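See structure below.
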Amino acid sequence: MKLLESKNKLIVGNWKMHGSLAGNALLLNALAAGAAKLNASVLTAVCVPFPYLAQVQTLLQQSCVAWGAQDLSAHLAGAYTGEVAGSMVAEFGARWVIVGHSERRLYHQESNEQVVLKAKRALEAGLTPIICVGETLAEREAGQTEQVLGQQLQAVLTALTVAQAERMVLAYEPVWAIGTGKSATVQEVSSVHLFLRRILAAVDAKLAHVRVLYGGSMKPDNARALLAEPGVDGGLVGGASLQAGDFLAICQAAQA
Ligand SMILES: O=C(CO)COP(=O)(O)O
């Protein structure tokens, strides 16, 4: 069962800071109806802003679409105004949480150390962290892609036990491809995914099953080629996840 599931593609929508109760209801109902027609080879989820977790739980609980949050606190509980604990997210039936998205690293100065702490908190709360790694355009142009990604991933692998790391999902999101309409090429994605897998395998053979997603301007017209790459286990979809038709088309492209 576990092996079979690890071969299934996982498509996760990251709504970022978008939504309204009325708009979400339309989107979620359309997603639930469309996802019911997908075969079992694709798993789907949406990661929504915190205030919408209750709505998503209500509207998706009968559907095969899972849900999650886009961040969580590095703390368990306490006097941390504005923070949201993983246990709170889990109380709303969430299964997933995005950790270390480049927008958090950039706009909230999240360090590799904080990302690691958040990943631990997620696992403790029974959530699966989707840990994002990615290089900026300047880093890619300076030939530092593997160095940057290696540091981001090593920080995680040093801090988590193998048993914990087995439960994570990685997402390769080149910063220059996010929201730009300029996806990385299949060759670029393939080479980075192989690089990340080599690092995982060097730590422990058990980590060969860790899912590695691609994110960055994934759309219905490029999803099939990206998702057909053997090292690509799914997608983390931003803009296209806000349109039911586009998100479902990407899910269909992921089907075996
Ligand atoms: O950041 C992303 C998903 O986390 C990707 O966003 P876009 O699909 O809008 O490029």
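The values are calculated or read from the model by the stated rules, or taken from the named source; none is laboratory data. Not measured: the values here are computed from a predicted model. Cβ placement follows ideal geometry from the backbone for every residue including glycine, while neighbour counts extend to all protein chains displayed.
Identify, by number, the condition in (1) within 14 Å of the ligand (Cβ to nearest atom); (2) hydrophobic (A, V, I, L, M, F, W, C); (3) in contact (Cβ under 8 Å) with a residue 60 or more places away in the chain; (4) within 30 Å of Glu113 (Cβ to Cβ) that Leu170 doesn't meet.
(3)
Anything in segment 233-253 that is over 19 Å from Val133 (Cα atoms) and charged (D, E, K, R)? List them, or say none.
Looking only at segment 233-253, we keep the residues that are over 19 Å from Val133 (Cα atoms), and these are 240-253.
Passing the criteria: only Asp246.
What is the one condition in (1) among the hydrophobic types (A, V, I, L, M, F, W, C); (2) in contact (Cβ under 8 Å) with a residue 24 or more places away in the chain; (3) outside any loop (DSSP other than H, G, I, E, B); (4) more than 25 Å from Pro174 (Cβ to Cβ) that Ala22 does not satisfy?
Exception for Ala22: condition (2).
Only one of these is more than 10 Å from the ligand (Cβ to nearest atom) and modelled with pLDDT of 95 or more: Leu242, Leu213, Leu227, Leu236. Name it.
Answer to the check: Leu227.
Output the number of residues of segment 223-256 satisfying the condition of being of a type in the set (S, T, N, Q) and part of a loop (DSSP other than H, G, I, E, B).
Qualifying residue count for the region: 2.
Determine the pairs where a residue that is farther than 20 Å from Ala223 by Cα, located within segment 176-201, has a partner that is within 16 Å of the ligand (Cβ to nearest atom) and at pLDDT 95 or above with Cβ atoms under 6 Å apart, the partner being 6 or more residues away or on another chain.
Pairs that qualify, where the first residue is farther than 20 Å from Ala223 by Cα and the partner is within 16 Å of the ligand (Cβ to nearest atom) and at pLDDT 95 or above, are Leu196/Val212.
Farther than 22 Å from Leu53 by Cα and outside any helix (DSSP H, G or I) - does that describe any residue in segment 81-96?
no
Given the residues Ala184, Ala208, which is the only one that is at pLDDT below 95, assigned to a helix (DSSP H, G or I) and among the aliphatic types (A, V, I, L, M)?
Ala208
I'm trying to understand the selection: among the residues of segment 7-35, which are within 16 Å of the ligand (Cβ to nearest atom), of a type in the set (A, V, I, L, M, F, W, C) and farther than 10 Å from Ala244 by Cβ?
Leu10, Ile11, Val12, Trp15, Met17
Answer yes if at least one residue in segment 104-111 is in contact (Cβ under 8 Å) with a residue 60 or more places away in the chain and closer than 23 Å to Leu213 by Cβ, and no otherwise. So that I can check it myself, show each step before the final result.
Let us first name the residues in segment 104-111 that are in contact (Cβ under 8 Å) with a residue 60 or more places away in the chain, namely 106.
So of that shortlist, the ones also closer than 23 Å to Leu213 by Cβ come out as 106.
Yes, the conditions are met somewhere in segment 104-111.
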